[in-house]
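The values are calculated or read from the model by the stated rules, or taken from the named source; none is laboratory data. Values in this document were obtained by computation on a predicted structure and should not be read as measured data. All Cβ positions, even for glycine, are placed from backbone atoms using ideal geometry, and neighbour counts span all protein chains on display. Accessible surface areas use protein heavy atoms only, side chains included; no ligands, DNA or RNA. Shrake-Rupley method; radii C 1.70, N 1.55, O 1.52, S 1.80 Å.
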Amino acid sequence: TKKESRNGYRFFSNQMQLQSTRHLQLMNAMRQAITLGQMAVYYQPQMDLTTQKIVGVEALLRWKHPQLGYISPAEFIPLAESSGLIITIGSWVLEQAVQQIQQWQAAGIQDIRVSVNLSSIQFRDPGLPALVQEILQRYAVLPQSLELELTEGVALENPQGAVAMMDALAQLGVRLSIDDFGTGYSSLSYLKRFKVYKLKVDQSFVRDISTDDEDKAIVIAIIHLARSLGLKTIAEGVETPEQQAFLLSQGCDEMQGYLLSRPINSEQTTAFLLAHRPG
Ligand code: C2E
Ligand code: CA
Ligand code: CA
Ligand code: CA
């Protein structure tokens, strides 16, 4: 009836208002979050499944607001994207990560690759390759130590531009991986044209690998597809030894997930890497 729909509408609009109030609050607070020291880059270790060596870490942004507490990147990254602030925040994460590589190398921790998540907004910024190059030079870090994670969506809007951007980044010597692989909408043909190094099997497929035959089939297909194209694979969200054993048996190259470690802060990561140093 009319009455119900009006109530329904009012409820909806109240919800929207509540949400947008929080969003405005977060967007405002985010502008100062870096300068106020509220943001930090955490790292989650990645292991080679065959050698069981730690080969890299993924940089994951954390934000602790003094009143609101920890805010999930799943909530604030989209807001940073819609406000354009992701360019500033993303550059900061990139610099933190590269500086961290330099510090680890100075501490004798060699051959650790750091992967940094790249928003599609950053990816469309023509200044990105120059920025990456400048940061690497400033900290005297080799480009092979840096990996950039992109989602399949980057190719959607402007495939031509995406190919050019990937070429420019690959030219620098940094490695590119496709995050959340299998969840996007892009066709597989772009894998042929893009200078991709690695596919990241999305955690939604890994989660039920031991019980769900379809997820199992998808994971096997991704690993085999990657191998036949000469690409590496890493599985994310690995939480159980069963998942690890299955991934190893299928020839997946690397794993990342709570089974190995949660994302940890810089000091904890240094300790983790020292403890897991080969030899
Ligand atoms: P993502 O890139 O897919 O990162 C993986 C997410 O899975 C992380 O969530 C990580 O903490 C979580 N995770 C890792 N291992 C496990 C596991 O074993 N089980 C489960 N259930 N979860 C696991 P987080 O840190 O909350 O980040 C969420 C998303 O926010 C990321 O998804 C990424 O898309 C985005 N994000 C985080 N940091 C940055 C950043 O610096 N820049 C950009 N553009 N996006 C970022
Ligand atoms: Ca990622
Ligand atoms: Ca992912
Ligand atoms: Ca994900």
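Residue-normalised convex hull volume from the C-alpha trace of segment 18-91: 111 Å³ per residue. Computed over the alpha-carbon pairs of the chain, the distance histogram in 10 Å steps reads 6, 26, 32, 24, 8, 3, 1, 0 percent, short to long. Electrostatic bookkeeping for Glu236 treats Lys and Arg as +1 and Asp and Glu as -1; over the other residues with beta carbon under 13 Å from its beta carbon, the sum is -4.
Taking the charge dipole of the chain about its Cα centre, with +1 at Lys and Arg Cβ atoms and -1 at Asp and Glu Cβ atoms, the residue from Val93, Pro263, Asn28 reaching farthest to the positive side is Asn28. Across segment 216-222, rounded Karplus estimates of 3J(HN,Hα) from the backbone phi angles (6.51 cos²θ - 1.76 cosθ + 1.60, θ = phi - 60°) give 4, 4, 5, 4, 4, 4, 5 Hz, Gly and Pro being marked x.
Split the accessible area of segment 204-279 by element, probe 1.4 Å, and carbon with sulfur accounts for 52%. Listed peptides 130-139, 148-157 appear in the order 148-157, 130-139 once ranked by packing, highest mean of other Cβ atoms within 10 Å at the front. Remark: segment 215-279 carries a charge dipole of roughly 180 debye about the Cα centre, counting +1 on each Lys and Arg Cβ and -1 on each Asp and Glu Cβ.
Helical content of the chain, expressed as a calculated mean residue ellipticity at 222 nm, amounts to -15500 deg cm²/dmol (DSSP H runs of 4 or more residues, -39,500 (n - 2.57) each, divided by residue number, nearest 500). Residues Met16, Met27, Met255, sorted by accessible area with the largest first, give Met16, Met27, Met255 [1.4 Å probe; ligands and nucleic acids excluded]. Projecting the Cα positions of Asn158, Leu142, Leu176 onto the charge dipole of segment 121-182 (unit charges on Cβ atoms of Lys, Arg, Asp and Glu, taken about the Cα centre) puts Leu142 furthest along the positive direction.
I want to check the label-to-label distance for Gln25 and Gln99. Put each point 7 Å from Cα in the C-beta direction and report it in nm to one decimal. Result for the modelled spin labels: 3.0 nm. Greater than 29 Å separation of Cα atoms is the criterion. Which listed pairs, Lys64/Lys195; Lys53/Lys198; Lys64/Lys198; Lys64/Lys232, meet it? Beyond 29 Å between Cα atoms: Lys64/Lys195; Lys64/Lys198; Lys64/Lys232.
Note that segment 183-279 presents 53 Å² accessible area per residue, ligands and nucleic acids not counted, probe 1.4 Å.
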